[in-house]
Amino acid sequence: RGYTMEFWGLEIPAGRKAKYNVPENQILNISGATLLCEDAKPGKKPVGQHLLKCNNVVVCALREKICENVPLALLLPSGSPVTLMGSKTHKIIVSGYLSADPETMSFEVEDGDDDEAVAKALEMADKLDEDEDLDTGANGTTADDDDDDDDDDDL
């Protein structure tokens, strides 16, 4: 099974909570939050700031016309329940991605392909060693024993 990532997003309705369970063998990376101002509940006076909470911990504050988008870096482990709570008057969208949990991934490789690649690499290394033993340069010249290419003897 290969390493995959998939887009993830969740809308938190105004005045409500949104719950999500991180799937087994995956990690959730919440990478951003956006305050939706045009969908605000009518008749409410503007609130100074809108807090986004993840499992009852404040992770950011959003403000209308000042800071409506916030980058985040929240990593939530495999199998964990997540409760997100936002503004009482505005919807908040959180987005990110799900990726495979490296602790549960297997990195098995088919033996046949690797054996061929290793054999070719060893063959190429042997050929390079043989070419190096000839002591010829790229243009076909040979180095003299007293020409060690350092200029400190010439001083």
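The values are calculated or read from the model by the stated rules, or taken from the named source; none is laboratory data. Quantities reported herein were computed from a predicted structural model and do not represent experimental measurements. When we count neighbours, we look across all protein chains shown, and the Cβ atoms used for this are built from the backbone with ideal geometry, even at glycine.
Among residues that are modelled with pLDDT of 95 or more, part of a strand (DSSP E or B) and within 23 Å of the chain's Cα centre (by Cα), VAL94 is included.
Please determine, by comparing only the residues of segment 52-67 that are at pLDDT 90 or above and in contact with a Cys (Cβ under 8 Å, 6 or more places away or on another chain), which one is farthest from ASP101 (Cα to Cα). It comes out as ALA61.
Conditions tested, residue by residue: (1) of a type in the set (Val, Ile, Thr); (2) modelled with pLDDT under 90; (3) in contact with a helix residue (DSSP H, G or I) (Cβ under 6 Å, 6 or more places away or on another chain); (4) in a strand (DSSP E or B).
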site: PRO23; (1), (2), (3), (4): no, no, no, no
site: SER31; (1), (2), (3), (4): no, no, no, yes
site: LEU35; (1), (2), (3), (4): no, no, no, yes
site: GLY48; (1), (2), (3), (4): no, yes, no, no
site: VAL70; (1), (2), (3), (4): yes, no, no, yes
site: LEU74; (1), (2), (3), (4): no, no, no, yes
